[in-house]
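Contents: one structure, followed by commentary.
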Amino acid sequence: MDLSNRTVLVVGGTSGIGRELARRFAAAGSTVALGGRRPEALSELAQEGFGTFGIDVTDSVSVARARDAVLAQYPALDTVVTMSGVMLLEDLRDSAHFEAARTTIDTNLVGTIRVIDAFTPHLVERGAGTFITVTSGIAFLPFPPMPTYAASKAAVHAYSEALRAQLDGTGVSVVELVPPAVATAGQEKVNPLALPLDDFGAEVMQLLSQDPTPEEILVDRVLMHRWAERDGTYDDLVAQRSQALTMLPSRQG
């Protein structure tokens, strides 16, 4: 992927990994627009020179409105990054967790599908372009305190593979970014071993620039998650990660 000459939209790019990647694409020479829900964050990023658009991926009308605004301002758009996501703890012994599950699926999975559906006709008509979907190491090695998050990211992985197969021959590629725990959005407080954001961003951009671009962007820190089943470490690692169930309020005390 030529990182110096892209026109990129990062949906969910107002903070964390999305904002880091947006800044790195821009630093490499690409034109970058950002979409998100928080007006104050969008205003700050507009002052950095980014195009900014309000978008709520849980709302089909909002997604369609944002798509029209983006394409009016950036008709050469060729790269769409679907970053929007939530990570919520759930206690499956308490039926009240269902609302968290619903929110997680609607944002992480259905929100991703809404964004892809909105921009697929444009990219296919161009005959060239890239979707970058974002899953997680947790898609391949579940983190039991966040069961629906794991399920949603596993679903996005499967959806990405199906999308890649269906878009074969159109000139539109599908790249799946698989982050490990990254030191952003409070992850560094929960996991002192979280990968520093700057290190993650640098490794991702190096992988994206390879020729050919890998179908899955796997930084070194996520390989143990991605290949746990293949390497025979899956059961032991899930058991280790299950110790984090003590994070749930009902398991404390």
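Hey, could you check region 81-140 for residues that are polar (S, T, N, Q) and within 20 Å of THR213 (Cβ to Cβ) and say which is most open to solvent (accessible area, probe 1.4 Å)?
THR120
Among the listed residues PRO214, PRO180, which satisfies the condition of being in contact with a helix residue (DSSP H, G or I) (Cβ under 7 Å, 6 or more places away or on another chain), in a loop (DSSP other than H, G, I, E, B) and surrounded by 15 or more Cβ atoms within 10 Å (Cβ to Cβ)?
Exactly one of PRO214, PRO180 is in contact with a helix residue (DSSP H, G or I) (Cβ under 7 Å, 6 or more places away or on another chain), in a loop (DSSP other than H, G, I, E, B) and surrounded by 15 or more Cβ atoms within 10 Å (Cβ to Cβ), namely PRO180.
(1) more than 18 Å from the chain's Cα centre (by Cα); (2) within 23 Å of HIS157 (Cα to Cα); (3) not in a helix (DSSP H, G or I): which one isn't true of ARG93, the others all being true?
For ARG93, the exception is condition (2).
Taking ALA158 as meeting all but one of (1) over 23 Å from TRP227 (Cβ atoms); (2) open to solvent by 30 Å² or more (accessible area, probe 1.4 Å); (3) small (Gly, Ala, Ser), write down the number of the exception.
For ALA158, the failing item is (1).
For region 1-21, give me each residue that is open to solvent by 10 Å² or more (accessible area, probe 1.4 Å), closer than 18 Å to ASP198 by Cα, in contact (Cβ under 8 Å) with a residue 40 or more places away in the chain and of a type in the set (Val, Ile, Thr).
Within region 1-21, just ILE17 meets the criteria.
Scanning for something more than 18 Å from LYS153 (Cβ to Cβ) and surrounded by 15 or more Cβ atoms within 10 Å (Cβ to Cβ), does region 226-241 turn up at least one residue?
Looking through region 226-241, at least one residue is more than 18 Å from LYS153 (Cβ to Cβ) and surrounded by 15 or more Cβ atoms within 10 Å (Cβ to Cβ).
So which of VAL156, VAL174 is assigned to a strand (DSSP E or B) and not acidic (Asp, Glu)?
Exactly one of VAL156, VAL174 is assigned to a strand (DSSP E or B) and not acidic (Asp, Glu), namely VAL174.
Return yes when LEU223 is open to solvent by less than 50 Å² (accessible area, probe 1.4 Å), among the hydrophobic types (A, V, I, L, M, F, W, C) and either part of a helix (DSSP H, G or I) or in contact (Cβ under 8 Å) with a residue 12 or more places away in the chain (or both) and no when it is not.
For LEU223, the condition - open to solvent by less than 50 Å² (accessible area, probe 1.4 Å), among the hydrophobic types (A, V, I, L, M, F, W, C) and either part of a helix (DSSP H, G or I) or in contact (Cβ under 8 Å) with a residue 12 or more places away in the chain (or both) - is not met.
Can you give me the number of residues within region 42-61 that are open to solvent by less than 50 Å² (accessible area, probe 1.4 Å), assigned to a helix (DSSP H, G or I) and either touching a helix residue (DSSP H, G or I) at 6+ places or on another chain (Cβ under 8 Å) or farther than 20 Å from VAL8 by Cβ (or both)?
Of the residues in region 42-61, 1 are open to solvent by less than 50 Å² (accessible area, probe 1.4 Å), assigned to a helix (DSSP H, G or I) and either touching a helix residue (DSSP H, G or I) at 6+ places or on another chain (Cβ under 8 Å) or farther than 20 Å from VAL8 by Cβ (or both).
Look through region 171-206, keep the residues that are among the β-branched types (Val, Ile, Thr) and out of contact with any Phe, Trp or Tyr (no Cβ under 6 Å at 6 or more places or on another chain), and return whichever of them is modelled with the lowest pLDDT.
VAL190
Cβ-Cβ distance below 9 Å, separation of 6 or more or different chains: which pairs start in region 66-78 with a residue that is touching a residue at least 40 places away in the same chain (Cβ under 8 Å) and end on one that is surrounded by fewer than 16 Cβ atoms within 10 Å (Cβ to Cβ) and of a type in the set (Lys, Arg)?
Within 9 Å, the pairs are ALA76/ARG126; LEU77/ARG126; ASP78/ARG126.
The values are calculated or read from the model by the stated rules, or taken from the named source; none is laboratory data. Treat the numbers as computed from the prediction; the structure is a model and nothing was measured. As a convention, Cβ positions derive from the backbone with ideal geometry for all residues, glycine included, and neighbour counts pool all protein chains shown. With ligands, DNA and RNA removed, areas are computed over all heavy atoms of the protein, side chains included. Shrake-Rupley method; radii C 1.70, N 1.55, O 1.52, S 1.80 Å.
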